[in-house]
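**Student:** Below are the structure tokens for one structure; questions will follow.
The values are calculated or read from the model by the stated rules, or taken from the named source; none is laboratory data. Because the structure is predicted, anything quoted here is derived from the model rather than measured. Because the Cβ atoms are built from the backbone with ideal geometry, glycine has one as well, and the counts that use them run over all protein chains shown. Ligands, DNA and RNA are stripped out before the accessible areas are found, and what is left, the full protein with its side chains, is counted by its heavy atoms. Shrake-Rupley method; radii C 1.70, N 1.55, O 1.52, S 1.80 Å.
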Amino acid sequence: MAYDYEQLDSLLDDAAREAAFADLTRRDGWDYDNGKDYVVKTENYGESSSVQTVYFDGRATLGGYNIGATSPTEPFPSLAADYAGMVSGWRSKLDQTVSGWDGVPKPSILDDAKTQCLLGVQKLAGGTGNGGSQFGNPDLEAIGYIRSFIPSPDQAGQTISAFYTNYGPDRLETVLDGHCEAVAALGVAITGTQKLFETCREDVANLVGNVKEAFRQTRKDYSNLQTITTVLTVVNASTGLLGVFLGPGVGTAAIGGLSAGTSFLSTALGLLPKPTESKLPYSGSSPNDVYNDFKKAFSTLEEKAKAQDQGLEAVLESMLTAVADPVNRRNFHVHPGEGQAPLGDTINVKYSTLEHIGYESMPTVARAFLQAADQVESSNQINAWIRTGIVGAGTYGCYFAWRDLAYQITPLLNDTGAEVVGAGESLAEAAGYLRDSDGWAKDKLGANYKELEGAELGWQDPYVPPPPPPRQRPNDGWGVGGI
């Protein structure tokens, strides 16, 4: 049976009463008939007797016999107070064990942070969800424009070849994939924390609800004994986190690098705890035995929850290492850094196309990086991570590892966006310069410029050379000496 965490206080009350009543049924001098909701203590004094009765719900009465006549049954406040003290004592013991688990946040407290992070991933993703529904950023269709007009760098000339190699579609997609994985790691950690909250709340409620039933079975001469077992769900809190983060209907193939088995994120996700099964029995024969099992169960829950947080922290640290490693620079920086190929001066693409790529396509792609940075900043909500220290790895869980990765990614996203804009401006400026130089050549060549028309930038038809000059003929005034 599944129990409701929102009813935890009531469940603890019920468990305490079950423990106290079971304890009373086992005390010397008290008689209990299996299945009844009261215990009776009879004391004989020769020709008179007293009958004390304590009911499960807390009532207590006193009756008896006196010289053969039945005495009236009346409330017995002091006995009821003693029983209430027993219930209170058990409630205190249970509270001591559950302390720190009675304030697990609702998973929904992180909903906005997860949404902001998912939007960051979508800004960097160019793919579609299952069934062709759009998941990624339509702005990234600008990469297809670049690819369509520069189909291969070896056909575009030295300048465009260098641009394509260092800033072209393949480079942009590689860097987008790298950042997409890094931001997705942040989203996975948020989602994992939500699942930790969800499963801890579920397990705490079930442990308390089940201990109530286990206490019931320790009543004296209880029939139909069964082992009450709680199956922890927190041990599977890390299962399928990426899919949960992305949402239904979206496959990892929709977001580029996330689908690669050798991706940075795939490596990081491999550090999460593997799904296991953890069954915690309450098998004691007395209330104290069951209580000891109860304490052991919460120790196990604490251990398993901590392992989940540590797994999320390992994912974040693995991704942070990948982002910061100079070896992976080309996965997170579009600018090639040292050793950039020199730009030549031969261009075989239209001026207008180069200017469009430089002033339109590249800034449009850059916007994806800048917007993703904004989303990561918006998802940084420290207060939403706070939980009592006993739940997971501490008050803030894996937040500080999350923050370290976010602080690494955010300026990198902004820098990468600036690099893309700068590369586009350089290309557009080069196109403008070459357009001007073509004009200068026209001024210098005058009428002879017509011989270059058709060979200018953007000429699409196969090149047809100008006709050859007229051949020399005898006595036509050509040459020297009138030959």
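**Student:** Under 13 Å from the Cβ of P169, count the other residues' Cβ atoms, weight Lys and Arg +1, Asp and Glu -1, and hand me the total.
**Tutor:** Details: positive: R147, R171; negative: E141, D170, E173, D177.
For residues surrounding P169, the net value is -2.
**Student:** How much net charge surrounds N236 when only the other residues with a Cβ under 9 Å from the Cβ of N236 are counted, with Lys and Arg +1 and Asp and Glu -1?
**Tutor:** Numbers: positive: K195; negative: E277.
Computed value for this residue: 0.
**Student:** Moving to a separate point now. Which order do the peptides 44-57, 170-183, 354-367 take when ranked by the mean count of other beta-carbon atoms within 10 Å per residue, highest first? Intermediate results must be reported in sequence, preceding the final value.
**Tutor:** Working: 44-57: 14.2, 170-183: 24.9, 354-367: 22.0.
Those peptides, ordered most packed to least, come out 170-183, 354-367, 44-57.
**Student:** Skipping prolines and chain starts, which residues have an amide H placed within reach, meaning under 5 Å, of the one on T230, given they are 5 or more residues away or on another chain?
**Tutor:** L280, Y282
**Student:** Here's another thing I want to ask about it. If amide H atoms are built 1.01 Å from N in the plane of the peptide, which residues on other chains or at least 5 residues away come under 5 Å of the amide H of C398?
**Tutor:** HN-HN under 5 Å from C398: empty list.
**Student:** Follow-up question, since we're still on this one. Could you give the nm distance between label points at D289 and R330, where each point is 7 Å from its Cα heading toward the beta carbon?
**Tutor:** Distance between label points: 6.8 nm.
**Student:** How do S71, S278, S78 rank by accessible surface area computed with a 1.4 Å probe, from largest to smallest?
**Tutor:** Values: S71 40, S278 15, S78 65 Å².
Ranked from most to least accessible, the order is S78, S71, S278.
**Student:** Okay, moving on. Under 17 Å from the 7 Å Cα→Cβ point of A2, by amide nitrogen: which residues of segment 204-229?
**Tutor:** 204-210
**Student:** Points 7 angstrom from Cα along the Cβ direction at R403 and K296: gap in nanometres?
**Tutor:** Distance between the two pseudo-spin positions: 3.9 nm.
**Student:** To continue, here is another question. Quick one: how many Å² of K295 are accessible to a 1.4 Å probe, rounded to 10?
**Tutor:** 90 Å²
**Student:** What full-extension length gain, to one decimal in nm, is calculated for K106 and T70 as 0.36 nm per residue of separation minus the Cα-Cα distance?
**Tutor:** Contour length minus the Cα-Cα distance gives 7.2 nm.
**Student:** Modelling each spin label as a point 7 Å along the Cα-to-Cβ direction, I'd like the S148/V51 distance in nm, to one decimal.
**Tutor:** It works out to 9.5 nm between the two label points.
**Student:** Grab the beta carbon distance between S10 and S378, set R0 = 41 Å, and tell me the FRET efficiency rounded to 0.05.
**Tutor:** Efficiency for this residue pair is about 0.60.
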